[in-house]
Amino acid sequence: MASVLAVGERFNQKGWTPCPDDDLSFKLRVNMGLYNFGRGRTFLNRMGVKWTHGINLLWPSPIAGEWDAAEARRVVDAIRKDVERYDVVLLFGRRVCDAFDVAFNVGERSGRYIPLPHPSGRNRMWNDPRVRETVRLIMETLR
């Protein structure tokens with residue numbers, strides 16, 4: 001099986017203490033994980049989406065939807081060599097794709113990068129059976 005890195009935006013929940021903004025550590029991001037629990041992870045598992053390691057670009061925030069595009073790009077620049085060790089990189093959502101400078105064309109592979117819809121319950125792209133089938137086929141090819 002290919003080594004797969006999944007990249008999301010950030011974990012949002014009250015009670016999380018933000019990490020120092022100057023810490024660009026890839027290893028710490030891997031240790032914190034991506035969609036470790038909750039509806040996002042459950043939904044992605046039902047869709048057949050699996051990964052070797054997962055990271056969020058930005059540190060946790062108690063404010064849902066908070067996003068800093070410049071900081072996300074700075075993080076991508078800092079971790080690019082670590083990211084390139086993976087055979088495949090799943091990019092969840094338009095904002096993550098923008099940070100990597102990858103066009104948000106769901107399921108269209110660009111080198112090692114594959115854009116996928118963000119797993120938010122508010123994201124209606126997942127309601128489209130064609131998107132679900134595209135994701136299913138992609139994940140089958142990675143096994």
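Brief remarks on what is shown
- Sole exception among (1) farther than 18 Å from ARG10 by Cβ; (2) part of a loop (DSSP other than H, G, I, E, B); (3) among the aliphatic types (A, V, I, L, M) for LEU58, by number: (1)
Residue-by-condition table, conditions (1) among the small types (Gly, Ala, Ser); (2) surrounded by 16 or more Cβ atoms within 10 Å (Cβ to Cβ):
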position	(1), (2)
VAL49	no, yes
SER61	yes, yes
ALA78	yes, no
LEU90	no, yes
ARG95	no, yes
ASN105	no, no
TYR113	no, yes
GLY121	yes, no
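Listed here are the residues, each with its yes/no results for (1) at positive phi; (2) out of contact with any helix residue (DSSP H, G or I) (no Cβ under 6 Å at 6 or more places or on another chain); (3) in a loop (DSSP other than H, G, I, E, B); (4) not acidic (Asp, Glu).
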| residue | (1), (2), (3), (4) |
| --- | --- |
| ILE79 | no, no, no, yes |
| ARG85 | no, yes, yes, yes |
| VAL96 | no, yes, no, yes |
| ASN105 | no, yes, yes, yes |
| HIS118 | no, yes, yes, yes |
| GLY121 | no, yes, yes, yes |
| TRP126 | no, yes, no, yes |
| ARG130 | no, yes, no, yes |
| GLU140 | no, yes, no, no |
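- Residue in the range 59-82 that is within 17 Å of VAL7 (Cβ to Cβ), at pLDDT 90 or above and in contact with a Gly (Cβ under 6 Å, 6 or more places away or on another chain) present: no
- Tabulated pairs, the range 79-101, first in contact (Cβ under 8 Å) with a residue 24 or more places away in the chain and under 20 Å from VAL135 (Cβ atoms), second basic (Lys, Arg) and surrounded by fewer than 20 Cβ atoms within 10 Å (Cβ to Cβ), C-beta under 6 angstrom, 6+ apart or interchain: VAL88/ARG112; VAL89/ARG112
The values are calculated or read from the model by the stated rules, or taken from the named source; none is laboratory data. Small disclaimer: the values here were computed from a predicted structure and weren't measured. All Cβ positions, glycine included, derive from the backbone under ideal geometry; neighbour counts span all protein chains shown.
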